[in-house]
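Enquirer: The structure follows.
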Amino acid sequence: MSYVLFNDQITKREHVNIDMEDRGYNFGDGIYEVIPIYEGNTFAMEEHLQRFLESASKLEIKLPYDKTVLEQQLNELKIKNKVINGIIYIQMTRGVSPRAHLYERNVEGLITGFCREMAFPTEQKLAGVSVLLTEDIRWLRCDIKSINLLGNIMAKRKATDNDCHEAIMHRNGILTEGSSSNLFIVKGKQLQTHPPTNLILNGITRQIVIKLAKENGFTVNEEAFSMQQLLEADEAFITSTTQEITPITKIIGDINATFPVGTITKELQHAFKAFIDKETK
Ligand code: PDD
């Protein structure tokens, strides 16, 4: 991780100084994205940058330079760090100002980014993972990809403490998403996942899976579902940039259930892999 992005400069990490009154540091006042790299090529960069702009606009933070410049900088960052398979992390905070809750509208944000090698989870994709079902204690704007992730990290800690890979969450018995992933169930030839409301992050992987599922003859119901429906599902899986499509084989916590690594999940994994290969050629 030797080169990083700091505002509009690519520089050595040790040359970066973050001010202790950066609003990201004081308030968690900022946004981020995680963009995957496969075989030296970024995947779904446009979709991630678009969501970055949407998060910025919802929080009234202004990009300090054009999106095309940002895209060039991120590609440059990838090349300078010689990353082949991994991720680009980019964040933008509302910048530095004397600590006060009230923010000025549309001030230029402070951008930082890094790029690193990361192994995508082959074993978990094959064998599936255990998840902990727990209450969703987060705020009501989960559609914003905010760097303030306290509810998410608390859920993840609890999951790990219970020997689970991920936490999936519910609000009064209605399933929302994972601590860092979206959640799908499969029943017959139908997929179901929470609609893209304020209660979940509309994952880029989620959107691609929905598109691929429809192309492959499945129906997709973007309607919230209950714990009972989860119990009655044939298959369940989570999706995210770093976890791709990962089958759920066991649920503990607020309900107990087991699932096979299902045939439809496997079919979608193959379609997803083929789509990545096509897009990153
Ligand atoms: N997390 N929901 C939440 C709460 C997330 O944090 C993420 C991703 C997703 C899936 O979004 P996408 O498919 O666009 O990656 C859903 C990233 C990977 C992270 O925080 O590291």
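Enquirer: Calculate the dipole size of the chain relative to its Cα centre from +1 charges on Lys and Arg beta carbons and -1 charges on Asp and Glu beta carbons; express the result in debye to the nearest 20.
Expert: Once rounded to the nearest 20, the dipole reads 160 debye.
Enquirer: How large is the dipole of region 122-279 about the Cα centre if only Lys and Arg carry +1 and Asp and Glu carry -1, each at its Cβ, rounded to the nearest 20 debye?
Expert: Once rounded to the nearest 20, the dipole reads 240 debye.
Enquirer: What does the extension gain come out to for ASP66 and ARG99, with contour length at 0.36 nm per residue minus their alpha carbon separation?
Expert: Net length gain for the segment: 9.1 nm.
Enquirer: What does the C-alpha gyration tensor say about the overall shape of region 1-75? Classify as rounded when a/c is under 1.5, otherwise prolate if a/b is larger than b/c, or oblate.
Expert: It is oblate, given that a/c is not under 1.5 and a/b is not larger than b/c.
Enquirer: Could you sort the peptides 194-205, 243-254 by per-residue average Cβ neighbour count (10 Å cutoff), highest mean leading?
Expert: Top to bottom by mean Cβ count within 10 Å: 243-254, 194-205.
Enquirer: Could you compute the FRET efficiency for ARG13 and LYS211, with r as their C-beta to C-beta distance and R0 at 41 Å, rounded to 0.05?
Expert: With R0 = 41 Å, the Cβ-Cβ based efficiency is 0.65.
Enquirer: Now, a different point. Under 27 Å from the Cα of LYS67, which lysines turn up, not counting those fewer than eight places away in the same chain?
Expert: In chain and number order, the partners are LYS12, LYS58, LYS78, LYS80, LYS82, LYS145, LYS211, LYS278, LYS281.
Enquirer: Also, quick follow-up: Spin-label point model (7 Å from Cα, Cβ direction): what's the GLU223 to SER57 distance in nm?
Expert: Modelled inter-label distance: 3.0 nm.
Enquirer: Find how many whole Å separate the alpha carbon centroid of region 90-117 from the alpha carbon centroid of region 22-48.
Expert: Region 22-48 and region 90-117 have Cα centres separated by 13 Å.
Enquirer: Write out the GluC sites (Glu not before Pro) in region 79-164 meeting two conditions: DSSP loop, and at most 12 other Cβ atoms within 10 Å of their Cβ. All intermediate terms of the calculation are to be shown ahead of the outcome.
Expert: On the way: sites: GLU104, GLU108, GLU117, GLU123, GLU135; in loops: GLU104.
Loop-located and lightly packed - GLU104.
Enquirer: Note down the nm distance, to one decimal, between modelled labels 7 Å out along Cα→Cβ at ILE137 and at GLU232.
Expert: 3.1
Enquirer: In what sequence, highest mean first, do 269-281, 89-101, 27-39 appear when ranked by Cβ atoms within 10 angstrom?
Expert: 27-39, 89-101, 269-281
Enquirer: Go through LEU53, HIS15, ALA257 and say which Cα lies farthest out towards the positive end of the charge dipole of the chain; charges sit on Cβ, +1 for Lys and Arg, -1 for Asp and Glu.
Expert: Positive-most Cα among the choices belongs to HIS15.
Enquirer: When a/c reaches 1.5 or more, the comparison of a/b and b/c decides; with that in mind, is the chain rounded, prolate or oblate per its Cα gyration tensor?
Expert: Working: a/c = 1.98, a/b = 1.46, b/c = 1.35.
The shape class here is prolate.
Enquirer: Please give me the summed charge of the neighbours of TYR3: other residues whose Cβ is under 15 Å from its Cβ, Lys and Arg +1, Asp and Glu -1.
Expert: +2
Enquirer: Positive end of the dipole of the chain, charges at C-beta (+1 Lys, Arg; -1 Asp, Glu), about the Cα centre: which of LEU140, LEU230, LEU201 has its Cα farthest in that direction?
Expert: Value: LEU201.
Enquirer: At 7 Å along Cα-to-Cβ for each site, give me the label-to-label distance between THR263 and GLU108 in nm.
Expert: Result for the modelled spin labels: 5.8 nm.
Taken together, the values in this text are just the output of simple stated rules run on the coordinates, not laboratory data. These numbers were taken from a predicted model, which means no experiment stands behind them. Every residue, glycine among them, receives a Cβ derived from its backbone with ideal geometry; neighbour counts consider all protein chains shown.
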